[in-house]
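J.: Structure below; questions to follow.
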Amino acid sequence: MRQHSGPGRRAGGSILRHAAVAGLAGLVLAGVVGGLVGDVETALSAVAGALVVLLVMLVGLIGISAVVAADVSLSMAGAAVVYIGQIVLIVAALLVLRDRDWLDGRAFAVAAIGQVLLMQVAQVVGYGRGREAVDVRMPESGAGEGSGP
C-alpha cells in the first residue's frame, strides 16, 4: 500500500531512499566485480569510483530538494549551483586520488559510470513510487442549478 504524504514527510524522500539503497548496492557490486576481473587495486579503485559518485549524487539530491522547497523564482539558479557543486566535488575527488599508486583509472571510471546509471534508474523508480494520485471530483451540473436556459 502506498504511503500518503502527511506532516513531516518530504516530497523527495522516496527518491532519496531509492538512490541511497541502489548506491550502496552499486558500491558492493563494484567491489565484487572489480575483485573478480582484477586484483585488490582494481577492486579498491572500483569501490572508490562508486563511492565518489554515491556521495556526490546524494549531496546533489539533498541540495536539489532544498532548491525545490525554496522560492520557485530561484529554482533554475539553485539547480545550477547544485550542478556546479557536484562537478566541483568530483574534480576535488579526482585531484585527491590522482597520484595514488593503487588507483586503476579504468576501474574507477567504469565503476563511476555504472554507479551513475544505477542511481539514475533508482531515482526514476523512486519518483514513480513516490507520486500520489489526486482524486478530483467535479460537481455535476444539474438542471436545477440555474446553469443555463
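J.: Of the conditions (1) at pLDDT 95 or above; (2) assigned to a loop (DSSP other than H, G, I, E, B); (3) not aliphatic (A, V, I, L, M), Ser147 satisfies every one except a single condition; which number is it?
T.: (1)
J.: Now a separate question. Is it the case that Asp135 is part of a loop (DSSP other than H, G, I, E, B), of a type in the set (Asp, Glu) and within 30 Å of Ala43 (Cα to Cα)? First the steps, then the outcome.
T.: Details: part of a loop (DSSP other than H, G, I, E, B): yes; of a type in the set (Asp, Glu): yes; within 30 Å of Ala43 (Cα to Cα): no.
The answer is no for Asp135.
J.: Quick one: which residue in Ala93, Ala79, Ala111, Ala70 is loosely packed, with under 12 Cβ neighbours inside 10 Å, of a type outside the set (Ser, Thr, Tyr) and in contact with a helix residue (DSSP H, G or I) (Cβ under 7 Å, 6 or more places away or on another chain)?
T.: Checking each option against the conditions leaves just Ala70.
J.: Also, I was wondering about something else. Just name the residue that is modelled with the lowest pLDDT out of those in the range 59-115 that are closer than 30 Å to Gly35 by Cβ and of a type in the set (Phe, Trp, Tyr).
T.: Taking the candidates together, the pick is Trp102.
J.: To continue, here is another question. Only residues that are in contact (Cβ under 8 Å) with a residue 12 or more places away in the chain and part of a helix (DSSP H, G or I): list them for the range 120-132, please.
T.: Of everything in the range 120-132, those that are in contact (Cβ under 8 Å) with a residue 12 or more places away in the chain and part of a helix (DSSP H, G or I) turn out to be Val121, Ala122, Gln123, Val125, Gly126, Tyr127, Arg129, Gly130.
The values are calculated or read from the model by the stated rules, or taken from the named source; none is laboratory data. Every value quoted in this text rests on a predicted model; they were computed, and no experiment measured them. Please note: Cβ atoms are built from the backbone with ideal geometry, for glycine as well, and neighbour counts cover all protein chains shown.
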